[in-house]
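Here's the structure, in structure tokens; my notes come after.
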Amino acid sequence: MIRILFLIQLLLLTAFSAAAQTNNNNHKSMESNRIKLTIEGGKTFTATLADNSSAEALKELLAKGDVTIRMEDYANMEKVGPIGVSLPRNDKQTTTGPGDLILYQGKYFVIYYDKNAWNFTRLGKIEGVTGKELLAALGKGDVTVTLSVGSDDE
């Protein structure tokens, strides 16, 4: 009887340990799927990356160090600037909105603060921000944005 109780306890402990490890791995996976964008002047946003080879390549690039991009305004809807390397493209017809992060032509990083539709590669999205808030943070004209691994709540 004592052996049976011991085995039951051991099985329960093993099951709880495995569940806790799975939850911990899922949390780490979610964290590793986020990047931080720091706008010149100190405003910081956190974005969740898309699930594609382009976003994976961006994560690998950021794992080597921060990437600073000089961005310019384009058509009163986006900021765009060269990443400095070519990333794999996963272009599809895409409708963008405020907070969308896009890869254009494999080598340009784009932050949308308004709507557009074109053949793009989706890299991710800044959640919980309006176009007005993004535009206020990005300002008029050129701006420098630094991409890094992680989130602002770490």
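No lab work stands behind these numbers, since they all come straight from the coordinates. Only a predicted model underlies this, so the values are computations on that prediction, with no experimental measurement involved. With ideal geometry, Cβ positions are generated from the backbone for all residues, glycine too; neighbour counts draw on all protein chains shown.
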Charge sum, other residues only, whose C-beta stays under 14 Å from ASN76's C-beta, Lys/Arg counted +1 and Asp/Glu -1:
0
Measure up LYS79/LYS125; LYS92/LYS140; LYS36/LYS92; LYS36/LYS59; LYS64/LYS92; LYS36/LYS79 against 22 Å on the Cα-Cα distance and list the ones that go over.
LYS92/LYS140; LYS36/LYS92; LYS64/LYS92
How long are the three semi-axes of the equivalent ellipsoid of segment 31-154, in whole Å, if each is the root of 5 times an eigenvalue of the C-alpha gyration tensor, listed from largest down?
18, 17, 14
Pairwise FRET efficiency - LYS43 versus VAL85, Cβ, R0 = 25 Å, nearest 0.05:
0.50
If the chain between ASN76 and ASP114 were fully stretched, how many nm would it gain, using 0.36 nm times the residue separation less the Cα-Cα distance?
12.9 nm
Across all Cα atoms of segment 28-102, Rg and the largest Cα-Cα distance (Dmax), in Å, are 12.9, 38
Förster radius 30 Å - calculated FRET efficiency between THR144 and LYS92 (Cβ-Cβ, nearest 0.05)
0.55
